[in-house]
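Visitor: First the structure, which I've put down as C-alpha cells, then a few questions once you've had a look.
No value in this document is a laboratory result; all are computed from the given coordinates. Values in this document were obtained by computation on a predicted structure and should not be read as measured data. FYI the Cβ positions are ideal-geometry reconstructions off the backbone, even for glycines, and counts take in every protein chain you see.
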Amino acid sequence: MSERELALLKPDLDDEEDYPSSDGKPMAETGIHVLTMLWLFQALEDFFETRGRPFIATDMFWYYREGERSKRVAPDAMVCMVEKYPHRRSYLQWNENGVVPSIVFEVASKSTWRKDLDKKYDLYERLGVREYVIFDPEARYLVPQLQMFRLRDSTYRRVIGTKSGVHSSELGFSLSAEGIMLRLIDTATGMPIPTKGEAVQTALKNFEIVRDMAAEASREARSKIENAQEQIEDQQREMEVLRAELDRLRSNPGEANS
C-alpha cells in the first residue's frame, strides 16, 4: 500500500472535529428501509466494479459549504465521480475539487417522504445534483413509488419511466421497483444486477448443472467402457471357439481334407 493510501486511512482529526461524521441518529427507520439501502449500495458497487469504481456512500454526511458545519445533508445513497480511496468519514465537497454527487437516492418513509419531495428536492436541485431518485419501498407514500428527476437548465424535470423503469443517462443503468428492492439494470446488456443472495443461488444452480452434466458424462463413459469390454469379451470367446476348432482340425487332418 502506498504512503498516500496509508495516510488516507488515518482520520483527519481537524475535519472530524469541525465536520462531525455522525449525529447519533439511526441509519434507517425499519428493517425494510435497511434492506432497501443495503441492496442498493451492493448493486451500485457491483455495477461499477469494472467501470472505474467511483465513490459510493450511504447515509454519509455531505458537507457542501466550507466553514459552515450546518450546511450538510446525508443522502440515503449517492454516487460521486471521484477517486474511491480507502476511507472517508464525510464527503467534504471542497476537498473533492468541488465535485457534486452525480446521482442521489432517498428511500421514502412515513417521516421523510414530504422532505424528500420538498426540502431535499430543492436542496439537491440548487446544489446541482444531476439526477435525483426517490423510492418508496412500501408503495404507501409516493405515486408512482419510484420517481426520478433530472436537471435541465438548472431545474429538475421529471423523468418519464417505462415498463422497465427509469433510465439514468448520467451513469448508464436503469432502475425499476421490485417489491422493496430498487433494482439496477445494466443498460448495455439489459441484465439486472443480482443481489449477493441471487448470485449465490445462480452459482449453486450452475454448479448443480455442471455436476449433473459431469455425472451424465461419467455414466455415458462408463457405459461405453462396459460396452467395449463386452465386445472384447465376445471377441475373446469367438477366438477361443475358432482356436478350439482349429485345434480339432489339426488333430483330425483327414476330416479337414474330406
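Visitor: In the structure shown, do any of Lys119/Lys163; Lys71/Lys115; Lys71/Lys119 have a Cα-Cα gap over 22 Å, and if so which? Can you show the working numbers first?
Guide: Numbers: Lys119/Lys163 29 Å; Lys71/Lys115 16 Å; Lys71/Lys119 13 Å.
In this structure, Lys119/Lys163 exceed 22 Å between Cα atoms.
Visitor: Right, here's the next one. Pull out the extension gain between Leu38 and Leu142, defined as 0.36 nm times the separation in residues minus the alpha carbon to alpha carbon distance; nm, one decimal.
Guide: Values: separation 104, 0.36 × 104 = 37.44 nm, distance 2.08 nm.
Difference between extended and current length: 35.4 nm.
Visitor: Roughly speaking, what is the stretch gain from Asp234 to Arg211, that is 0.36 nm per residue apart minus the C-alpha to C-alpha distance, in nm to one decimal?
Guide: 4.9 nm
Visitor: Also: Need one number: nm distance between label points at Ser223 and Tyr85, each 7 Å from Cα along Cα→Cβ, rounded to one decimal.
Guide: Going by the 7 Å Cα→Cβ label model, 6.3 nm.
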